[in-house]
Every structure is written in structure tokens, then in C-alpha cells.
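Have a look at the structure below, then the notes.
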Amino acid sequence: MIRIKGLWKSFGDNKVLKGVNLDIETGETIVVIGQSGCGKSVLMKTIVGLLIPDDGEIEIENVSLKNISRKKLLEIRKKIGMVFQSSALFDSFSVWENVGLGLIEHSKMSQDEIMRIAREKLKLVGLSDVEDMYPAELSGGMKKRVGIARAIAMNPQFVLYDEPTTGLDPIIADRINNLIIELQKELNITTVAVTHDIISAYKIADRIAMLYDGEIIFDGTPKEVQNTDNPYVQQFIKGEGEGPVSGGI
Amino acid sequence: MIIRAVRSFFSYVGGVIIILTEGFKNFHRIPKSYRLILNQILSMGISSLPIVVLVSVFAGMVTCFQAAFQTKAYVPELYVGMSVAKAVMIELGPMLTGLVVAGRVSSSIAAELGTMKVTEQIDALEIMGIDPGRYLVMPRIFSGIITLPILTILAEIIMILGGLFVSVYGLDISPYIYLRGVRTNFIQIELWGGLIKSVVFGLIIGLMGCYHGFQSKGGAEGVGQATTRAVVSAMVLILIFDYFIARVVFA
Ligand SMILES: Nc1ncnc2c1ncn2[C@@H]1O[C@H](COP(=O)(O)OP(=O)(O)OP(=O)(O)O)[C@@H](O)[C@H]1O
Ligand SMILES: [Mg+2]
């Protein structure tokens, strides 16, 4: 499980996270919703130790990331897959090398074997015949999907998706939703996803948490989200411009 | 003002030392990373080769011309070759190669790593449990250390040949005299001292490329700045270290 305890993170005077608490059980899918710029990506990066929190603690499988050695951290990360909002593909590598890099570096598999796995993972995200292309030759949605294939290539126990369906057409988006559900069911993967896509959130989430003003202000099942009278949550899921949620434009 | 300058100086030195240790502490993984290193050596070597050759030919020619011109009628022709060889081994070879490769390679390392930084590719490596220190920094620093002496030896040979060309066709000195001059009064430490310099310059080039690449912030503009800084700081450090190594080696 992943345990987030009293997480604070600021950039200069910009306090982004102000005491985030969240427990994510093993095998659970949690979706974090929240306005653009509220710190969802920062939260994701802090969970995996890419950003160091100013205060508070992250525990993954009861191992605290606080004062952890670099070696141990890198070891833990092999169990984690992450899909970046920006895809973050390695642009000097072909698509299959992107997907297979973890295996190339950490396993003793032959190149053929790694290529086969890469192809298989790409197929899961609805891509074929792209393995020899380079990221620059792909569309935004294709990059996103390569990013997903890369994140699941090493059969991780935890997958963090930063907006997995943004920029995808509705059909592919739904396939990705199904993929996330399947992975969770079949492999008992613990999933944290960030999305603005409320339909996708309802579909994949066991629990939905809303991040607002640096804190988790709501945490419940999709049903509870729909039925809550929390005005912030209501405004967000209905997508209303007017309401208690401030900020934005 | 002064406090800020001092502080930024120390954070600079600190940052450079961090990158340096990232590189060195992964040196024990060189055998396993031979592919990454080989790629770096080839790309560094091949990309700098044309410019190193070009610069060396002309540097050798002008050195020979000046050596003869300045000493005309005072010293025997034999000393023209000797002057060229000494100037090339002690200073020109390592220094010019260092500066030229700094311009060519530090910039491309900084641009590459900077782009990886601002597009989150380095974060992506981290997430895959791949240490950027081992995967990116170590191969670049190590390749610099290997490539620079090789390029320097090549540059020195070409410079001496450039000098030969000028002495034969421009100064009417016979090639035998010139080449005998090259070997006259040869002192080994002068050759090794120059090569020690080139090793240090290679380290500086890789290090500055990596450090400034990792420091990149923002987008394309930040990468551009990092690139310029990498080149300028590599060149400045090369000039500074050139002096101090000379003082130590030739003391
Ligand atoms: N590396 C950084 N340096 C400085 N500020 C940052 C950095 N990363 C994020 N921020 C700031 O943190 C805040 C939250 O950013 P974040 O990317 O987490 O938003 P988000 O919730 O993911 O938004 P979106 O839905 O648009 O992706 C923003 O105000 C942003 O300016
Ligand atoms: Mg984001």
C-alpha cells in the first residue's frame, strides 16, 4: 500500500500541497481529481520521490521514502510504473526501446524477447506497427499510449497515471480505461490516476479523492461522489463555471 | 550583492562536485556499461574530428611559419622543427583540441541532457529505476577522459605535419632537417604533460556538459542558456587548468 502522511510541498512562495493525507490500499484504484494547477502532478511526483516534500512522509509497502538510500529508492521504483502527463518518451530511442528500456537495463532477456514483450504491451494499448518509429513521428495520443505501455512493461505492482486519457479519442480512451481495470483485476495492481475526465474517473475508480487548495477535501466511492453535498465536489463533477471553487481565470 | 555572489559561487561548486561524484562513483560499472560508453566515444570523436583536423592543420602551419620567421638568421634551421614539436606537445595540441572539443561536445551534451531534463525524460529514467548518474553522467565523463587524449595525439601529429608542409613548400627547409628537428631535444615529460592536460580537459568537457544540462530549467530557452554556459565554463576552466597543470608538471 501507499501511505501519504501530511505532505507539504511548495515552490518558493507557491504553497502547492498543504498537508495531503491519503492511504491507497493494495489492489485499489484511486483517482485524484482537481482543478488544473492544483498540484495533482506535483502529488504524483512526490509519491515516487521525484520531488522531495518539505514536510510529511510517503510510505510504499511500509518503507518510508524519507532518508532512504538512493539504491533502495531505485530498487523500489522498479516496482512502480508511471505515465507522465507529458509522456516523457526518450526521444533518441525508438518506440520499442522506450517500452523495453527497463527490461534492457534490469533483466538478462535477449533483445528478441524484449522486443516481443514490447510489441505485446503496445498491442494492449492499441498500437501496432509503430515499434521502429521514433517518438517525434507519433501523434500526441500515440505518445501517451506508448507511455502507458512503457509504464506497464516491467509488470509493476503500482502504476501511477497522470492523465492517461487526456488527448485520446473516446474509443481509445475507453480502451485505456478497460486496460486499467483489467490490469488491476488480473494482476492486483495498485493504481493512482489523475484525471479531469470524470467519466473515466467513475469507470475506473474504487475511490475518488478531490484535491483542492493543497488538501484532499473529499475521498469516497464514485457513488458517494455523485451523492455528496460537498459544493466543491459538486461544482467540479458538474463542470460549472460558477460556484465556490475559486481560482482559475 | 556580494553575499549573493558568494552564495551562488558555492552552490555552483557544490553542484559541480555532486555531478562529478555521480560520475566517479559509477566508474566501477564501466565494464557493464561499455555500450553506452562506446556510443559516447564514437559520437564525441566523430563529431569533433573534422574541426579538430582543420584547426590542427592551420595551427601547425602558422606555428612553423612563425617559428621560422621570428628566428630567421639567428638560429639554425634544425630548430624550426624542434620549436614546432615542443609548442605543439606542451601547449597547442592539448589546448586547441580542448577548446575546439569544448565548443563541439560540451554544448551537445548540455543540449541533450537539458532537453531530457525539461521534457521529464530524466524523471522517466528515475522512475524506471535507472540511475541517471550511471546511465547519463558516467559514460559522458569517462568518454571525455578517453576521447580527448586520442584526439589530442591525432591533433599533434597533424600539427607537426602541417608544419612540415610549410617548412618544405614555404620555407625551403628540407623535410629531413625538419623531422630531425622534431626529434631534437625530445623530452618525454613534455609529451606526457600535454596528455595529462588533455585527460583533465576531457573531464572538464564532459562534466560541464552534464552539469549545465542537468541545471536546465524551463523550456527551449533554458536549454539554450545551458548550452552556452556549458561551452563558456568549459573553455574558461580549460584555460585555468592549463596553467596550473603546467605549473605542476613542469615544476
Ligand atoms: N518544478 C516546478 N517548479 C515550480 N513550480 C512548479 C513546479 N511544478 C509545479 N509547479 C507549480 O505547482 C502547481 C501545481 O502544478 P501541477 O503540475 O501539479 O498542477 P496539476 O494539478 O497537475 O495541473 P494540470 O491538471 O493542469 O496538469 C502550479 O502552480 C505550478 O506552477
Ligand atoms: Mg498535471
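Restricting attention to region A:20-74, the residues that are in a loop (DSSP other than H, G, I, E, B) and either within 14 Å of chain B (Cβ to nearest Cβ) or away from ligand 2 (no atom under 16 Å from the Cβ) (or both) total 18. Residue count for region B:85-131 under the criterion of being within 14 Å of another protein chain (Cβ to nearest Cβ), open to solvent by less than 30 Å² (accessible area, probe 1.4 Å), touching a residue at least 40 places away in the same chain (Cβ under 8 Å) and hydrophobic (A, V, I, L, M, F, W, C): the result is 4.
Summed over region A:62-108, residues that are open to solvent by less than 10 Å² (accessible area, probe 1.4 Å), of a type outside the set (G, A, S) and away from ligand 1 (no atom under 16 Å from the Cβ) total 6. Residues that are under 25 Å from A:I114 (Cα atoms), part of a loop (DSSP other than H, G, I, E, B) and within 16 Å of ligand 1 (Cβ to nearest atom) within region A:146-205 comprise just one, A:P164.
The values are calculated or read from the model by the stated rules, or taken from the named source; none is laboratory data. Bear in mind the structure is a predicted one, so any value in this text is a computation, not a measurement. Quick reminder, even Gly has a Cβ in these numbers, built from the backbone with ideal geometry, and neighbours come from all protein chains shown. Note: areas computed on protein heavy atoms with side chains; ligands, DNA, RNA excluded. Shrake-Rupley method; radii C 1.70, N 1.55, O 1.52, S 1.80 Å.
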